[in-house]
Amino acid sequence: MNRNLWLLAVAQGLFLTNNVVFIAINGLVGLSLAPVGWMATLPVMGYVVGGALSTGLVARSQARWGRQVAFQLGLAVALASALLAALALWLGSFWLLVAATVVAGYYSANGQLYRFAAGELAAPAFREKAVSLVLAGGLIGAIAGPNLANHTRNLLETPFLGAYLALAGVALLSMAVMAAIHFPAEPPRAGGTAGGGRPLAMLVREPTFAVALVGAALGYGVMNLLMAATPLAMQTCGLPFSDAALVLEWHVIGMFAPGFFTGHLIRRFGAIPIMGAGVLLNAACIAIALSGQDLHQFLVALFLLGVGWNFLFTGSTTLAMQAYRPEEKDRAQAAINFGVFATMAVTAFASGALVTTQGWWWLNALSTIPVGLTGLALLVLALRQRARAIECRA
């Protein structure tokens, strides 16, 4: 870990602070402003739809201006969107709130590239550890996010207005941190093109890259499906917001605390076995969530969900970096992030619709489908690699 990586880990933590506060309050604010209850998580959905729509634009900005300028542009959008969300809440405008979260998605698409930037700031032999340790910076968000939401929700007369204004301050702090990071110089590419190498259609047909894409997208999708619905489900069960903040805090700790050792595990056992462990942890989360709706069940289930996400997402990032060439990075990273955001957009909408119409039990039961598909994809790739290894030895 060099100075740049430590600072990038802090930037990752502030990025996750933004994400956690959005997840913690957007569904509840949406519920208070939405014309009908099933639309409550549309502001959460807007955040990830905005991210999906921004992946191509972010890739072009990264190619044209490099990491430093492109990341600062994302933070400027974070500042503007937080202020716009505060204005929407103050005016009581549901659709302006949705628009603000769509705009905020550009920052989310930028922040999703921090982990890839970490790999570029480290020597090739230590990329897994660099990615894992920068993701561990999300622990800042695990602690700061829920507490920021909880302590600022009644700061002003309008509930949660103070939380959105606090996020504007977080964006300014992130700008200062990002300005201190030195990224490797890259030659600008004319027109902001995303480099040479294989076309995207060929890249996604490469089995290793395809499984990395599936693991990242479905891993994030399951996590988002259950996490976005948790504050609403807990409110329905009569649990206070402070309990929901506690559950989200431990969930995000589960997401990022393993970052201190996930890279070591991947280096020792390989990306596919660690991703497989993530699938099993997701299955355990669902089993516990199906067993009841007391505080300790929400807490343990969401913590396991966080650890499972960490194993899947860190493993997918490492697997993807093994599958694409340096000149293909902008295209490949944009494809992975688009898959993540598209899946999150669907699950953000589905979480609100399912939990408010079908309930917490059915939401978890249906989550077994993407978990099973991820496990199947990993199994097929593992068998394929094993058969290839046997052929090479023969």
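Please work out the Cα center distance from segment 196-275 to segment 366-394, rounded to the nearest Å.
With segment 196-275 and segment 366-394 each reduced to a Cα centre, they are spaced 19 Å.
Could you give me D for segment 123-184, from Stokes-Einstein at 4 °C and 1.567 mPa s, where the hydrodynamic radius is the Kirkwood radius over C-alpha pairs? Units µm² s⁻¹, please.
Here the translational diffusion coefficient equals 93 µm²/s.
Once you've got the GNM for the chain with C-alpha springs shorter than 10 Å, pick whichever of S291, S32, S367 has the biggest mean-square fluctuation.
Checking each option, the largest mean-square fluctuation is seen for S291.
Once the cut-off is 25 Å, how many percent of the Cα-Cα pairs in segment 1-153 end up in the long-distance tail?
32
Let me know the charge dipole size of the chain about its Cα centre in debye, to the nearest 20, where only the beta-carbon of Lys, Arg (+1) and Asp, Glu (-1) is charged.
Approximately 1160 debye in magnitude.
Would you mind listing how long segment 78-131 runs along its three principal axes, going by Cα atoms, in whole Å with the largest first?
That works out to 52, 14, 12 Å along the principal axes.
Please arrange T101, T152, T208 by how many other C-beta atoms lie within 10 Å of their C-beta, fewest to most.
Working: T101 29, T152 20, T208 17.
Fewest-to-most Cβ neighbours within 10 Å comes out as T208, T152, T101.
Within the chain, which whole H helices from DSSP have a Cα span along their axis of at least 27 Å and a mean Kyte-Doolittle hydropathy of 0.5 or more, if any? Walk me through the numbers on the way to the answer.
Values: long enough: 3-33 (44 Å, 1.34); 42-91 (38 Å, 1.15); 161-179 (28 Å, 2.06); 207-236 (43 Å, 1.26); 271-290 (29 Å, 2.14); 295-323 (42 Å, 1.20); 329-357 (41 Å, 0.77); 360-393 (50 Å, 0.69).
For the chain, where a helix must reach 27 Å along its axis and average at least 0.5, the hits are 3-33, 42-91, 161-179, 207-236, 271-290, 295-323, 329-357, 360-393.
Could you put C392, C237 in order, starting from the residue whose Cβ has the fewest other Cβ atoms within 10 Å?
Lowest count first: C392, C237.
Report Rg(Cα)/(2.2 N^0.38 Å) for segment 112-270, keeping two decimals.
Dividing the Cα Rg of segment 112-270 by 2.2 N^0.38 Å gives 1.29.
Note down the Stokes-Einstein diffusion coefficient of the chain in µm²/s, whole number, using a Kirkwood radius over alpha carbon pairs, 37 °C, and 0.692 mPa s.
Numbers: Rh = 20.8 Å.
Stokes-Einstein gives a translational diffusion coefficient of 158 µm²/s.
Regarding segment 269-394, what is the average projected area of its C-alpha convex hull, in nm²?
Approximately 9.2 nm², given one-decimal rounding.
Ranked by Cβ crowding within 10 angstrom, fewest neighbours first, how are F22, F183, F260 ordered?
Going from sparsest to densest Cβ surroundings: F260, F183, F22.
Once the piece of chain linking T357 and W65 is laid out straight, how much longer is it, given 0.36 nm per residue of separation minus the C-alpha distance between them?
On the way: separation 292, 0.36 × 292 = 105.12 nm, distance 4.60 nm.
Full extension from T357 to W65 adds 100.5 nm.
I'd like the FRET efficiency for R3 and A125, computed as 1/(1 + (r/R0)^6) with the beta carbon distance as r and R0 of 25 Å, rounded to 0.05.
For R0 = 25 Å, the calculated efficiency reads 0.85.
Readers should treat all values here as calculations from the given coordinates under stated rules, not as data from a laboratory. Values in this document were obtained by computation on a predicted structure and should not be read as measured data. Glycine gets a Cβ as well: all are built from the backbone with ideal geometry, and neighbour counts include every protein chain shown.
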